[in-house]
Amino acid sequence: MKPHILYILNHATWSVGNGKQISFWSDKWLDHSIADHWNIPSHLLPDMELAVEHFIVNGRWCLPPYIHQKDPELAAKISKITLHKDDIPDTLPWNLSPDGCLTQKIAFSCLFGNGQQVNWAKFLWNSFIPPTRSFITWRILFDKLPTDDNLRKRGCCIVSICCFCRRHAETSSHIFFECAVTAILRSWLSKGTDIPLDLTSCNNLILNSMGRGSTLVQQILNSAIIHTIWAIWIERNQRCFHNKHQSMATLFNCILAEVKLGYKLILAKGNFDMQDYKISRLFNIPFKTKRATAKHDVHWCPPPTDVIKFNYDGSSIGAHPCGAIGIVIRRSSSSFLGAISSNIGNATTLEAEFSACMLAIEKAREMHFKAICLESDSIRVVHAYNKNVGVPWKMKARWYNCMKFCHNIICSCHHEL
């Protein structure tokens, strides 16, 4: 990682604890370092070695007047940073992960990327299709099958003829999409599934078969297409090298058996329509459909006597997410004490859920409650409350202060849909 230290530092931001390790001017503990923000010459920075702790007095920010005068927006941004109530060391979280941890997986992804992204990858590589079958289709897509035309391109001097129809030269396009003999299998696949297929090329066949019908229909159709291509290629090799011929009916039964075998690994469910029914009959497989979801009412459950209950929720919307939170406060007798709703600005759904929880706890502290019950539909927030893991790194200081208050009172956190 040493050669990439600059990349790491550019994507890491200091999280203020006690402020002893962070340089107020040169370190990045806001969106940018203050030196970069104010364009301070680099030769002046050695004489400006003040730590963030020098601007914190009794757990509060104490900024010099000239910062308020020169840049009120910067002063306001600093004042909004929550400080730890205890002497907690500063940390250097990774910006690109929610909890600030730089794992090996994230590091590898950042340095080398996620590889080539193609729209047909999920079509080929599935748990219900053996890789040996998918590999043949993959080679067709890149025109790498050792057909006669490709062997000629490599310098092999051979006489080319299709081993199926004996009328045309052998090419990948002819064998799989043009040959009159293998057309029997292609016609069976299209008519049997009642789905029109684009048989002009392998790429068109794959792309145009996506999004047809239910998820179950799509996956069975994927399996049928790939096994049909595999069966044609295996039969081609048997005819070329072993002089063995099988009828198209035998290949048809082989394809049915392979698809039915892979069906056992398919977890998707179908719909109650004719297309799913025809697919199940064609491949002689059970008609697997989704169960109707039973509707149930969710009732507010009162907490124990003298316990105040906070029901809170958070959400966000948009490509640049805008978050909002809501809180309802009730006594154990169900009497209404108050409600809060607020727009929290730019925040993900997870950050909105945590913000709602922390605001509920801060409101309990403000109202001097000694016994509270927190109820949310977010499993991650409840897990963070119980295990102290998965907290967004930008919120850890505020979360720590809230947990310290909860540990000094009677407090519980539950999950409820």
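The values are calculated or read from the model by the stated rules, or taken from the named source; none is laboratory data. Just so you know, these numbers come straight off a predicted model, no measurement behind them. With ideal geometry, Cβ positions are generated from the backbone for all residues, glycine too; neighbour counts draw on all protein chains shown.
Number of residues in segment 358-397 that are part of a loop (DSSP other than H, G, I, E, B) and either more than 22 Å from VAL16 (Cα to Cα) or acidic (Asp, Glu) (or both) equals 6. Here THR132 meets the list (1) exposed (fewer than 15 other Cβ atoms within 10 Å of the Cβ); (2) assigned to a helix (DSSP H, G or I); (3) not assigned by TED's automatic domain parsing to the domain that holds LEU265 almost entirely, failing just condition (3). Scanning segment 352-374 for residues that are touching an Asp or Glu at 6+ places or on another chain (Cβ under 7 Å) and either over 23 Å from PRO98 (Cα atoms) or without any contact (Cβ under 8 Å) to a residue 12 or more places away in the chain (or both) yields one hit, ALA371. Just one residue in the set SER214, SER172, SER223, SER201 is touching a residue at least 40 places away in the same chain (Cβ under 8 Å), in the same structural domain as GLU258 (by TED's automatic domain parsing), farther than 21 Å from PHE252 by Cβ and surrounded by 15 or more Cβ atoms within 10 Å (Cβ to Cβ); that residue is SER214. Residue count for segment 242-284, restricted to those that are free of Cβ contacts under 8 Å to residues at least 12 places away in the same chain, in a helix (DSSP H, G or I) and within 19 Å of ILE229 (Cβ to Cβ): 5.
Across segment 110-129, the qualifying residues are those that are part of a loop (DSSP other than H, G, I, E, B) and at pLDDT 85 or above, and the one among them that is farthest from MET395 (Cα to Cα) is ILE129. For segment 39-71, a residue qualifies if it is of a type in the set (A, V, I, L, M) and either assigned by TED's automatic domain parsing to the domain that holds ASN401 or in contact with a Gly (Cβ under 9 Å, 6 or more places away or on another chain) (or both), and the qualifying residues are ALA51, VAL52, ILE56. If you check THR13, THR82, THR91 for being closer than 17 Å to LYS394 by Cβ and touching a helix residue (DSSP H, G or I) at 6+ places or on another chain (Cβ under 6 Å), only one passes: THR82.
Kindly indicate the residue of segment 398-417 that is of a type outside the set (Phe, Trp, Tyr) and crowded, with 19+ Cβ neighbours inside 10 Å and also nearest to ILE344 (Cα to Cα) among those meeting that condition. So that I can check it myself, show each step before the final result.
Restricting attention to segment 398-417, the residues satisfying the condition of being of a type outside the set (Phe, Trp, Tyr) are 398, 401-404, 406-417.
Next, only the ones that are crowded, with 19+ Cβ neighbours inside 10 Å stay: 398, 401-402, 411, 413.
Values: ARG398: 15, ASN401: 19, CYS402: 18, CYS411: 25, CYS413: 22 Å.
Here the answer is ARG398.
May I ask you to say which residue of LYS260, LYS278 is touching a Gly at 6+ places or on another chain (Cβ under 8 Å) and under 29 Å from VAL181 (Cα atoms)? Outline the logic, then answer.
Values: LYS260 fails: touching a Gly at 6+ places or on another chain (Cβ under 8 Å).
None of the other options fit; the residue is LYS278.
In a helix (DSSP H, G or I), under 22 Å from the mean Cα position of the chain (by Cα) and of a type outside the set (Phe, Trp, Tyr): does that describe LEU350? Yes, satisfied.
Exactly one residue out of ASP143, ASP87 is at pLDDT below 90 and part of a loop (DSSP other than H, G, I, E, B): that is ASP87.
Quick one: is LYS20 touching a helix residue (DSSP H, G or I) at 6+ places or on another chain (Cβ under 6 Å) and basic (Lys, Arg)?
On the way: touching a helix residue (DSSP H, G or I) at 6+ places or on another chain (Cβ under 6 Å): yes; basic (Lys, Arg): yes.
So LYS20 passes the test.
Summed over segment 398-417, residues that are β-branched (Val, Ile, Thr) and not in a loop (DSSP other than H, G, I, E, B) total 1. Exactly one residue out of ASN58, ASN39 is out of contact with any Lys or Arg (no Cβ under 9 Å at 6 or more places or on another chain) and modelled with pLDDT under 90, and it is ASN58.
Within segment 2-16, residues that are farther than 23 Å from THR82 by Cα reach partners that are among the aliphatic types (A, V, I, L, M) and modelled with pLDDT of 80 or more with beta carbons closer than 9 Å, at six or more positions or on different chains, in the pairs HIS4/ALA107; ILE8/LEU102; ILE8/ALA107. One residue is enough: does segment 95-109 have a residue meeting the conditions in contact with a helix residue (DSSP H, G or I) (Cβ under 7 Å, 6 or more places away or on another chain) and at pLDDT 90 or above? No, there is no match, as no residue in segment 95-109 is in contact with a helix residue (DSSP H, G or I) (Cβ under 7 Å, 6 or more places away or on another chain) and at pLDDT 90 or above. Filtering segment 187-232 to residues that are among the β-branched types (Val, Ile, Thr), closer than 21 Å to PHE164 by Cβ and either part of a helix (DSSP H, G or I) or at pLDDT below 80 (or both) leaves ILE225, ILE226, THR228, ILE229, ILE232.
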